[in-house]
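Every number here is computed from the coordinates shown, using simple stated rules; none is lab data. Please read these numbers as outputs of a predicted model, since none were measured by experiment. Reconstructed Cβ throughout: ideal geometry from the backbone, glycine too, with neighbour counts over all protein chains shown.
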Amino acid sequence: MSQGVGVVGLYVRDQDEALQFYVEKLGFRVHTDAKNGGYRWLTVQHPDQPSFQLGLFTPGPPTVDAATAQTLRESVAKGAMPPLVLVVDDCRAAYEKMRARGVEFMQEPVDRYGSVDAGFRDPSGNGWKMIQARKAS
Amino acid sequence: MNGHTSQDPELLRRLLRAKDRMDAASHEEWPVDRLARVSHVSEAHFARSFKDAFGVPPHRYLLTRRIERATALLRDTEVSITDIAFQTGWKSLGTFGRTFRDVTGESPSDLRAREQAARHQPEPVPACILSAAHRPNLTSAVSEKRRQEAGDINDSEEKTEVP
């Protein structure tokens, strides 16, 4: 695939903490970690999805002013950012593995008409749904 | 009341944890001291900070979650209304029915009949996100809403929020 969405970014409160979370607890890989002065472009990838990068960015100058950055940090910490979905083959197995690694789950796996979903947050407050799709019949 | 009050993101993250805990177990009792412990703040600080952060007092938030769950059970299952009342955390069927009507504008049995008659194909939105999108938007206390609908006549209505 040569066209499509390449990077979607999340705001996080601390890039080192986010990096550790997405790599060590979720099993993502670092794609790019480039510092330019005070700015750090940091993206990670799901191992099965080489065409997509998840950006882990802190809000702040020069991209946004200090007051806007404060509002964004508050929004992230309140869980007010848009939904994120992680697709997995086996939601219960992934839940057990991630929980053992200390991931903060807000919802245990629940069956909904053949699909199974759970919910967790990253350390900053970004909320993920982890969904195991219904088996195609 | 108007304008944005700046709050410490670190505190907000801990308040979010209390909100998540209510989401995960809305049928349980969530007195302020329990919520304050989850957030590691004093009880006095908790109630005010929660409202500043999420726009509603913690107990009204819990109420919307219970109504949301009850609505889903009425719509999607054949569980009896009595069982739904107790499963979603109410101590009496009467309180459940009255509160449900106050919040949604119809009784649990009317809602069930209407939803089941108009059963349509679910849209391709994850069910968990869909149910949050249909959460009742309680901008005032239930007792207050009740008073307004009664034409502000009976001010003697109970002042405490249910549940």
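Across the protein assembly as shown, counting alpha-carbon atoms alone, Rg and Dmax equal 21.5, 68 Å.
Binning the C-alpha pair distances of the stretch B:1-106 at 5 Å intervals from 0 yields a P(r) profile of 2, 12, 22, 20, 15, 13, 10, 5, 1, 0 %, listed from the shortest bin outward. Placing unit charges on the Cβ atoms of the charged side chains and taking the dipole of chain A about its Cα centre, the candidate lying farthest along the positive direction among A:Tyr11, A:Ser75, A:Ala94 is A:Ala94. Taking other C-beta atoms within 10 angstrom as a stand-in for reagent exposure, A:Val76, A:Val103, B:Val38, A:Val7 fall in the order A:Val7, B:Val38, A:Val103, A:Val76, fewest first.
Think of each Lys and Arg Cβ as +1 and each Asp and Glu Cβ as -1; about the Cα centre, that makes the dipole of the protein assembly as shown roughly 220 debye. Over all Cα atoms in the stretch B:9-55, the spread is summed up by Rg and Dmax: 9.6, 28 Å. The fewest-to-most ranking of A:Ser2, B:Ser26, B:Ser143 by surrounding Cβ atoms within 10 Å reads A:Ser2, B:Ser143, B:Ser26. The stretch B:1-92: which trypsin sites (Lys or Arg not before Pro) are DSSP loop and have at most 15 other beta-carbon atoms within 10 angstrom? Loop-located and lightly packed - B:Lys91. A simple rule links phi to the HN-Hα coupling: the Karplus curve 6.51 cos²θ - 1.76 cosθ + 1.60 with θ = phi - 60°, which for the stretch B:100-106 gives 4, 5, 4, 7, 9, x, 9 Hz, with x for Gly and Pro.
Residue exposure proxy: A:Met81, A:Met106, ordered by other Cβ atoms within 10 angstrom of their Cβ from fewest to most, comes out as A:Met81, A:Met106. Over 21 Å apart at the Cα level, from the set A:Lys129/B:Lys91; A:Lys25/A:Lys129; A:Lys25/A:Lys135; B:Lys51/B:Lys91, are A:Lys129/B:Lys91; A:Lys25/A:Lys135; B:Lys51/B:Lys91.
The per residue volume of the convex hull around the alpha-carbon atoms of chain A is 124 Å³.
Mean residue ellipticity at 222 nm, helices only, chain A: -6000 deg cm²/dmol; runs of at least 4 DSSP H residues each add -39,500 (n - 2.57), and the sum is divided by the number of residues.
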